Amino acid sequence: MSYDLSHEEILRYSRHLLIPEVGLEGQRKLLQSSVLVIGTGGLGSPVALYLAAAGVGRIGLVDYDVVDFSNLQRQVIHGMEGLGELKVESARRRMLDLNPDIQVDVYNEPFTSDNAMRIAAEYDVIIDGTDNFPTRYLTNDVCVFLGKPNVYGSIFRFDGQVSVFDARRGPCYRCLFPEPPPPGLVPSCAEGGVLGVLPGTIGTLQATEALKLLLGIGEPLIGRLLLYNALDMSFEFVRLRKNPKCKICGPEPEVTDLIDYEAFCGVPGHDHEEGSAGVDWDITASELAQRLQAGNHIRLVDVREPHELEISRLPGATLIPLGQMAARLSELDSAEEIVLFCKAGTRSARALELLLSAGFRKVKNLKGGINAWAREVDPSLPIY
Amino acid sequence: MPNIRIPTPLRVYVGGQSEVSTQGSTVEEALVDLVRQYPSLRPHLFNGDASLRPFVNLFVNEENIRELQGLNTPITESDRLMIIPSIAGGGS
């Protein structure tokens, strides 16, 4: 199919047209191609910006969140004027400002087993920029079933991983990670933090791989996993091979349809911070404040990391970081009433499980963590 | 004395180190020595029955030990054993 570039397009893409590997033919390919970006957060920001700038003709964005002030440390596609706006709309505005000639389709909904096949079927390349295990397994399975490349990127603090999973030509995500880690073992970015520029590094690598796939040039990262560490400034590669026992792309697949990914991973399909231990074990910040004011003796246990105490603290709390809890249970008295807390309630919910399995019963989880305390009880504390 | 590369999520259990030097001539021996030095790492690598947890990926140099001889894969001082974690963050 021929597609003639206008004079304006020739000027806009002149730096591409100068590269023999791209040229007019390659630019035409890009203009007629489509990419689906799942997640418009840290990874999705650079991916969407660079693909828009490169002239990928049709870009789909899937996200259901709104832009939050704490996103701006790394989600550079959004800005102050987008605060409170749907991320997909905020991102689309910026992309069309960069390049009004492309089409940006927005899906303001969670990516789920119900809509994933329908949405992904329309695109040439799928980019996994999500923030949670259920959506990563879902994205992989959809790509295996539809026979599409999945440009994978994942980050944690200073670490990043990048690969291209294409079950037609190499391994899939499940070949490497047949099963998700147990819930709570790997902290999310909302709990563990992330260096703001890290998703920039990893996202631009994902955008690079997507462009190579669309252009059909270079060596895609199929069968290789890139491991990046920002502190060591190390880029290392390992070889990935198809796993003959892979439950979805192996010779005897067990997974032949999309499944319930939240049940499979045991965690919700989003990285929302607010943690709960379930109604029986939660206490709200207001309730806790009332009980303390009424003179009840309650042992407050802070399970955060020591450096977080510089941000906010509750007076009289004992610090036992979650990682040390199992070894330091003897410091707690099961006869005492205990309330565990962290930043937002996720780590303390895990600590609560540890205490319950050790026989503690008079123990509660501060729902929403010290951030909820700051919102409901003591506004002099910052929220982070 | 092969070195084991520790990924960021597990560094909290090894005093923040990025690599730990271990004793052993197979992957299993090196791992057993690693968790002997840092017992709080044990539940992250091994099940109660001492089998490797299924989400733990181990690579000797560039190869997954699954493609080699599994936990019995021999390693020497010049080899590098890497633990590759599942991470899911997207910077949300």
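The values are calculated or read from the model by the stated rules, or taken from the named source; none is laboratory data. Bear in mind that the values here come from a model prediction, so they are computed numbers and not experimental data. FYI the Cβ positions are ideal-geometry reconstructions off the backbone, even for glycines, and counts take in every protein chain you see.
Quick check on region A:152-173: of everything there that is part of a loop (DSSP other than H, G, I, E, B) and surrounded by fewer than 23 Cβ atoms within 10 Å (Cβ to Cβ), which residue is farthest from the other protein chains (Cβ to nearest Cβ)?
Taking region A:152-173 as the starting set, the residues that turn out to be part of a loop (DSSP other than H, G, I, E, B) are A:158, A:166-172.
Retained after the next criterion (residues that are surrounded by fewer than 23 Cβ atoms within 10 Å (Cβ to Cβ)): A:158, A:168-170.
On the way: A:Phe158: 6, A:Arg168: 21, A:Arg169: 18, A:Gly170: 13 Å.
Only one residue fits best here, namely A:Arg168.
Being away from every other protein chain (no Cβ under 11 Å) and either modelled with pLDDT of 95 or more or part of a helix (DSSP H, G or I) (or both), is that true of even one residue in region A:174-187? Yes, region A:174-187 has at least one match.
The set of residues in region A:285-329 being among the basic types (Lys, Arg), free of Cβ contacts under 8 Å to residues at least 24 places away in the same chain, surrounded by 15 or more Cβ atoms within 10 Å (Cβ to Cβ) and under 22 Å from A:Ser357 (Cα atoms) is empty. List every residue pair whose Cβ atoms sit under 9 Å apart, with the two residues 6 or more apart in sequence or on different chains, where the first one lies in region A:121-133 and is facing another protein chain (nearest Cβ under 10 Å) and in contact (Cβ under 8 Å) with a residue 12 or more places away in the chain and the second, anywhere, is of a type in the set (Phe, Trp, Tyr) and assigned to a strand (DSSP E or B). What qualifies is A:Asp128/A:Tyr152; A:Asp128/A:Phe165.
Every test in (1) under 28 Å from A:Asp68 (Cβ atoms); (2) in the same structural domain as A:Val37 (by TED's automatic domain parsing); (3) over 24 Å from the mean Cα position of the chain (by Cα) is passed by A:Pro253 save one, and that test is (1). Scanning region A:233-254 finds one or more residues that are within 14 Å of another protein chain (Cβ to nearest Cβ), of a type in the set (Phe, Trp, Tyr) and either surrounded by 15 or more Cβ atoms within 10 Å (Cβ to Cβ) or in a strand (DSSP E or B) (or both). Find the residue count for region A:213-232, including only residues that are within 24 Å of B:Pro7 (Cβ to Cβ), in a loop (DSSP other than H, G, I, E, B) and more than 13 Å from chain B (Cβ to nearest Cβ). Number of matching residues: 1. From the list A:Ile126, A:Ile119, A:Ile102, the lone residue that is among the β-branched types (Val, Ile, Thr) and within 18 Å of the chain's Cα centre (by Cα) is A:Ile126.
Quick check on my filter: what residues within region A:330-352 are more than 14 Å from chain B (Cβ to nearest Cβ) and touching a residue at least 60 places away in the same chain (Cβ under 8 Å)?
Correct list: A:Cys342, A:Lys343, A:Gly345, A:Ser348, A:Ala349, A:Leu352.
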